[in-house]
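Working notes for the structure below.
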Amino acid sequence: MHKAFACLFLFLILFSSCQSPVDSQNEEATTAKKSKTVGTQGDAAAHSLLYPLDPHSFSEPNGVVVKHLDLELALDFDEERITGKATWAYEVLDSAAKELVLDINGIAIDSVTYDDGSEAAFLITEDDPLLGQRLGVMLPLLEKQPITIYYTTQPDAAALQWLPAATTADKSHPFLFTQSQAILARTWLPCQDSPGIRFTYKAKVAVPDGMLALMSAVNPQKKNVKNTYSFVQDIPVPAYLMALTAGNLKFQAIGKRTGVYAEPSVLAKAVAEFEDMERMLEAAEALYGPYVWGRYDVAVMPPSFPFGGMENPILTFATPTILAGDKSLVSLIAHELAHSWSGNLVTNATWNDFWLNEGFTVYFEHRIMEAIYGRDYSEMLAHLSWQDLQNTITEFMKDNPKDTRLKIDLKGRNPDDGVTAIAYDKGYFFLRLVEETVGRERFDVWLRNYFENNKFQSMDTERFVAILEDELLSPEEVKQIGVHDWIYETGLPRNCPKPNPSRFEAVDVALQLFAAENKLPEKEKTAAWTTHEWLHFINNLPKKLKREQLAKLDNAYGFTNSGNAEILAAWFVPAIENRYKPAYPQMEKFLHEVGRRKFLMPVYRSLLANEQKELAKSIYKTARSGYHPVAINSLDMELAYNK
Ligand code: BES
Ligand code: ZN
């Protein structure tokens with residue numbers, strides 16, 4: 001960091017002022033007129049801007065925007081640091097712009113140079129607990145030569161989880177993975193960390209002996225003796241899709257374009273679980289157009305991976321908790337694959353438009369699942385979505401009704417606050433209503449064109465609505481659907497479609513019998529139930545249960561010892577609410593082994609809501625160090641944890 005000060009003096013002479021992101025963005029609004037107009041119909045100030053104003057980034061892309069990255073990284077597992085050399089090629093959109101502005105968060109900048117090797121003046125300003133710092137690098141005076149940043153990440157970089165060998169499946173090598181979405185790429189790479197800004201990249205990554213490195217790019221399939229790996233991503237991607245993982249990983253193909261990377265002991269199980277991946281890819285292409293990314297592979301992460309899956313281009317990262325042994329949780333793969341269109345091709349302009357990424361993806365996910373496993377199956381998924389949505393709407397309408405809008409305002413907040421069933425499931429049901437209103441044929445033709453016409457571009461809600469109304473819906477249909485209400489109003493419109501899966505009918509009968517007469521569903525009937533029927537059953541058990549009732553259920557169906565993480569996480573909720581103690585040892589074990597936020601939150605929350613705060617805190621105290629910073633961040637708040 002000391003060199004920052006060395007350059008400060010020079011920098012202050014050359015720069016007239018330092019601007020806050022808001023001021024400078026307003027200035028952009030007036031100075032960037034030279035840039036091409038794309039007719040973004042959002043914020044009036046953004047009207048003539050090529051790049052959207054993003055409340056979560058300091059970068060000023062309407063002045064200078066990055067185009068290509070050449071990255072060299074060395075991974076140091078002992079120090080838990082990455083040392084990096086990032087060379088940015090850029091384009092100057094505003095001839096008055098003097099600096100390239102990048103986002104960083106906790107990265108130590110060692111030096112910055114131009115292509116000819118001369119030192120570049122730079123200045124680090126702002127220090128926002130959420131957004132990090134603004135790194136302004138002065139442009140070279142004559143030619144617009146690329147700018148190279150030499151840097152080192154901090155051991156607590158929020159995108160990174162460094163796992164000691166002992167916590168991996170094979171316990172032979174340490175493991176590293178990144179999670180950049182939403183605004184964490186800046187903790188391991190100085191970049192313009194805004195989803196509206198795309199760039200191509202090449203990278204070289206040096207790792208310790210015996211490890212393979214992988215990125216969201218064309219990947220090696222085998223280890224080499226040089227311990228250095230090269231990557232190319234020729235399609236421009238936003239920073240949140242920058243991804244890196246390294247560990248004792250092995251590859252096995254599934255189909256021509258699909259395959260799995262995992263630790264050796266996990267590989268066979270993962271390949272068996274994901275055997276339908278090639279078919280999913282074909283089904284997706286048949287629905288909404290060619291897959292442009294080349295290969296589609298999945299890398300299985302350690303259990304502490306904070307999400308179910310992350311749609312890193314070419315290489316989805318996935319939690320091992322979907323390896324249920326019966327393919328029952330593979331809709332998650334369909335989901336991440338669907339992001340190859342919704343999200344990775346057509347990208348939310350800012351995190352306020354996050355529903356465009358996730359709502360479309362849930363819709364597309366269900367269509368892929370329907371194509372492969374049938375409508376009965378996808379309707380079960382849709383119903384589980386529906387129920388999540390109902391619960392979320394009820395909960396949010398009490399305290400923060402504004403967050404039930406599809407288009408939300410996350411300025412000044414963590415974009416993680418937008419990761420709720422609203423973006424996913426309200427978004428899904430809105431699109432499903434549109435589909436049901438116009439009929440599938442018309443809808444599919446339109447959606448296919450939407451991806452084709454808007455690929456490699458960002459999309460905000462306003463432009464999306466304009467396209468929908470211009471290209472698909474008649475004025476009567478717009479009215480009938482209530483497009484505006486769905487997107488901009490709180491709550492859930494009354495015309496929300498309700499799936500009614502035939503496979504849940506038997507479950508509903510069983511639930512009634514259990515509630516009214518304390519009768520367990522018969523074994524012959526439940527024998528054919530899949531994970532989804534069981535989830536529907538557990539989620540809809542009566543709120544108040546006697547411990548004997550829970551014991552009866554547990555003895556009959558073995559929930560506490562289920563090998564299925566979804567079932568376990570669902571079961572621990574009524575177990576905690578009714579203090580069914582025989583489930584507690586497994587619950588504690590689960591909280592120590594699994595770091596997937598979607599599972600952790602409801603379990604900790606039920607403990608807190610049911611006067612078991614001390615237990616929650618004592619489990620968290622020992623489990624916390626095994627969680628990813630993303631999960632820690634959410635849980636520290638939930639549990640009011642003091643470091
Ligand atoms: N892109 C998301 C994960 C994400 C969202 C990470 C926002 C960080 C910020 C991913 O595609 C996702 O939605 N994962 C879900 C999968 C599920 C809906 C099938 C998850 O992790 O649970
Ligand atoms: Zn998603």
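The values are calculated or read from the model by the stated rules, or taken from the named source; none is laboratory data. Just so it is clear, the structure is predicted and the values come from calculations on it, not from any experiment. For neighbour counting, all protein chains shown are included, and Cβ atoms are generated from backbone atoms with ideal geometry for every residue, glycine included. Quick note on the areas: whole protein, heavy atoms, side chains included, nothing else; ligands and nucleic acids left out. Shrake-Rupley method; radii C 1.70, N 1.55, O 1.52, S 1.80 Å.
Table for the structure above
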quantity: Full-stretch length increase - residue 92, residue 154 - with 0.36 nm per residue and alpha-carbon distance subtracted; calculated: 19.2 nm
quantity: For the chain: accessible area per residue (Å², 1.4 Å); calculated: 39
quantity: Förster radius 25 Å - calculated FRET efficiency between residue 638 and residue 494, Cβ distance, rounded to 0.05; calculated: 0.15
quantity: Residue-averaged 222 nm ellipticity for the chain, from DSSP H runs of 4+ at -39500 (n - 2.57), nearest 500; calculated: -11500 deg cm²/dmol
quantity: Rounded Å value of the spacing that divides the Cα centres of the range 254-295 and the range 500-562; calculated: 33
quantity: Segment residue 543-residue 144, extension gain: residue separation times 0.36 nm, minus the distance between their alpha carbons; calculated: 137.1 nm
quantity: Cross-link pairs 171/226; 398/426; 426/552; 144/202 - those with Cα-Cα distance over 27 Å; calculated: 426/552
quantity: Computed E for residue 417/residue 127 - FRET, C-beta separation, R0 30 angstrom, nearest 0.05; calculated: 0.90
quantity: Eligible lysines near residue 327 by straight Cα distance, threshold 25 Å, same-chain separation 8 or greater; calculated: 250, 256, 269, 523, 525, 589, 598
quantity: Inter-site label distance for residue 605 and residue 484 at 7 Å from Cα along Cβ, in nm; calculated: 3.3
quantity: Contour excess over end-to-end distance, with Cα ends at residue 221 and residue 622 and 0.36 nm allotted per residue; calculated: 140.7 nm
quantity: Whole-Hz ³J(HN,Hα) from phi, Karplus 6.51 cos²θ - 1.76 cosθ + 1.60, for the range 297-310, glycine and proline x; calculated: 10, 10, 9, 7, 8, x, x, 7, 3, x, 10, x, x, 9
quantity: Apportionment of accessible area to carbon and sulfur, the chain, percent (1.4 Å); calculated: 52
quantity: In nm, spacing of pseudo-spin labels at residue 111 and residue 68 (7 Å Cα→C-beta vector); calculated: 2.5
quantity: Neighbour count of at most 12 Cβ within 10 Å plus DSSP loop: longest GluC sites (Glu not before Pro)-free window in the chain; calculated: 144-521
quantity: Area accessible to solvent at residue 424, 1.4 Å probe radius, in Å²; calculated: 60
quantity: Positive-pole candidate from 313, 265, 337, dipole of the range 250-340, charges at beta carbon; calculated: 265
quantity: Residue 593/residue 230 FRET efficiency (R0 35 Å; Cβ-Cβ; nearest 0.05); calculated: 0.50
quantity: Projected-area mean, the chain, by convex hull of Cα positions, square nanometres; calculated: 28.2
quantity: Reachable lysines from residue 411, criterion Cα separation under 17 angstrom, eight or more residues apart if same chain; calculated: 402
quantity: Contact order normalised by residue count of the range 250-340, Cα under 8 Å, 6+ apart, percent; calculated: 26
quantity: Protection proxy ranking of 327-334, 617-624 - average other beta-carbon atoms within 10 Å, highest first; calculated: 327-334, 617-624
quantity: Three-way shape label, the range 120-176, alpha-carbon gyration tensor, a/c 1.5; calculated: oblate
